[in-house]
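Asks: Quick one: the structure is below, questions incoming.
The values are calculated or read from the model by the stated rules, or taken from the named source; none is laboratory data. Quantities reported herein were computed from a predicted structural model and do not represent experimental measurements. Cβ placement follows ideal geometry from the backbone for every residue including glycine, while neighbour counts extend to all protein chains displayed.
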Amino acid sequence: MQHSTLKRKDWFHLDGFPIAVERREPQEPFGLHAHEFAEIGIITSGQGVHVTGKETYPLNAGDAFVIGGSRPHDYHSMKNLCLVNILFQPDKLNLRTYDLRTVAGYHALFTLEPAWRRRHQFNGRLRLTPPELRVLMALVETLEAELRTRGSGFKFMATASFMQIVGYLSRCYAQAKNSDARALLRIGAAISHLETNFQEPINLDQLAQIARMSNRNFVRSFQAAMGNSPIAYLIQLRLNRAASLLRRTELNVTEIAFQVGFSDSNYFTRQFRKLLGMTPGQYRQQNPTLS
């Protein structure tokens with residue numbers, strides 16, 4: 001099916017700041033389209049049908065969801081459908097998520113639900129209560145004000161507002177009651193366990209038990225959502241942390257290997273070279289320890 005692609009240069013301010021807000025009150029017919037950016041969609045009132053490829057899903061006030069850039073979508077059968085789109089460029093934001101990645105709702109909303117939309121027929125989307133929607137829209141209005149006035153320090157303030165929105169949505173999703181959302185949260189909990197305990201011994205049985213799935217189904221589901229296996233994801237977490245320690249500390253390579261969860265420094269070095277294309281020692285030489 002033919003679709004257009006929305007370009008970054010047409011939807012973000014000339015200064016290149018990678019966050020924007022677009023209100024559609026009401027949403028007008030637009031046509032099937034993809035983006036060179038991602039967006040958070042928030043339905044504020046009315047009804048409609050969300051079209052993604054060959055699938056169609058009903059929309060109502062309070063629905064919130066994430067659209068990846070490459071996935072074409074559109075809105076049909078609109079009855080006073082009003083929505084807010086928060087556009088963002090993940091590759092340019094480079095956000096420090098701190099402990100947000102330990103929140104199961106973050107992984108469920110921003111990674112798992114978009115990846116599994118066809119499987120769960122969009123029933124895993126976040127459905128905000130009226131009080132939750134009011135809180136969210138107050139945060140959106142703060143973000144809009146910063147983007148509109150662009151006063152001194154607006155990039156910092158707008159980024160902080162955006163992070164509040166992401167954190168609030170993640171917390172709301174973590175409290176979701178419907179069965180499809182709870183299923184996604186169980187896998188999100190397994191990912192959170194990896195993020196929190198990557199330096200500890202972790203095996204597949206533990207993760208599958210947290211997700212309440214068989215080992216086979218868990219591996220298949222994880223791979224479909226995350227793009228690699230649970231163990232490969234764990235190794236990448238450890239190597240990312242190791243790279244940070246190489247930049248920020250004077251610990252030797254063996255000490256770093258043990259600290260991030262590797263029991264064999266030679267295996268650590270091989271995996272590090274495989275991911276980053278150089279040995280830990282070479283990486284440290286190119287990234288001197290920060291004072």
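Asks: Would you mind finding the one in 39, 55 that is surrounded by 15 or more Cβ atoms within 10 Å (Cβ to Cβ) and among the charged types (D, E, K, R)?
Replies: Within the list 39, 55, the selection yields 39.
Asks: May I ask you to list the residues in region 128-152 that are in a loop (DSSP other than H, G, I, E, B) and charged (D, E, K, R)?
Replies: Once the filter is applied, which keeps residues that are in a loop (DSSP other than H, G, I, E, B) and charged (D, E, K, R), region 128-152 yields only 150.
Asks: Can you run down the residue pairs with Cβ atoms below 7 Å, 6 or more apart or on separate chains, where the first is in region 196-218 and under 22 Å from residue 179 (Cα atoms) and the partner is acidic (Asp, Glu)?
Replies: 215/205
Asks: Suppose we filter 49, 84, 135 for residues that are touching a residue at least 24 places away in the same chain (Cβ under 8 Å) and surrounded by 18 or more Cβ atoms within 10 Å (Cβ to Cβ); which single one remains? Steps first, please.
Replies: Working: 49 fails: surrounded by 18 or more Cβ atoms within 10 Å (Cβ to Cβ); 135 fails: surrounded by 18 or more Cβ atoms within 10 Å (Cβ to Cβ).
Result of the check over 49, 84, 135: 84.
Asks: Among the candidates 168, 106, single out the residue that is crowded, with 22+ Cβ neighbours inside 10 Å and either within 17 Å of residue 39 (Cβ to Cβ) or among the hydroxyl-bearing types (Ser, Thr, Tyr) (or both). Reasoning before the result, please.
Replies: Details: 168 fails: crowded, with 22+ Cβ neighbours inside 10 Å.
Exactly one of 168, 106 is crowded, with 22+ Cβ neighbours inside 10 Å and either within 17 Å of residue 39 (Cβ to Cβ) or among the hydroxyl-bearing types (Ser, Thr, Tyr) (or both), namely 106.
Asks: If residue 166 satisfies every condition in (1) outside the structural domain of residue 42 (by TED's automatic domain parsing); (2) in a helix (DSSP H, G or I); (3) of a type in the set (Val, Ile, Thr) but one, which is the exception?
Replies: Status for residue 166: all satisfied but (1).
Asks: Further question on the same structure: I need the full set of residues from region 211-225 which are within 20 Å of residue 109 (Cβ to Cβ) and modelled with pLDDT of 85 or more, in order please.
Replies: Passing the criteria: 211, 212, 213, 218, 221, 222, 223.
Asks: Tell me, which helices (runs of 4 or more DSSP H) wholly within region 192-277 include 1 or more residues that are within 16 Å of residue 112 (Cα to Cα)?
Replies: In region 192-277, the matching helices (runs of 4 or more DSSP H) lie at 204-211, 215-226, 230-248.
Asks: Considering only residues that are in a helix (DSSP H, G or I) and of a type in the set (D, E, K, R), look in region 169-187 and name the one that is nearest to residue 105 (Cα to Cα).
Replies: 171
Asks: What are the residues in region 1-21 that are surrounded by 12 or more Cβ atoms within 10 Å (Cβ to Cβ) and either out of contact with any Asp or Glu (no Cβ under 8 Å at 6 or more places or on another chain) or not hydrophobic (A, V, I, L, M, F, W, C) (or both), if any?
Replies: Within region 1-21, 3, 4, 8, 12, 17, 18, 19, 20 qualify.
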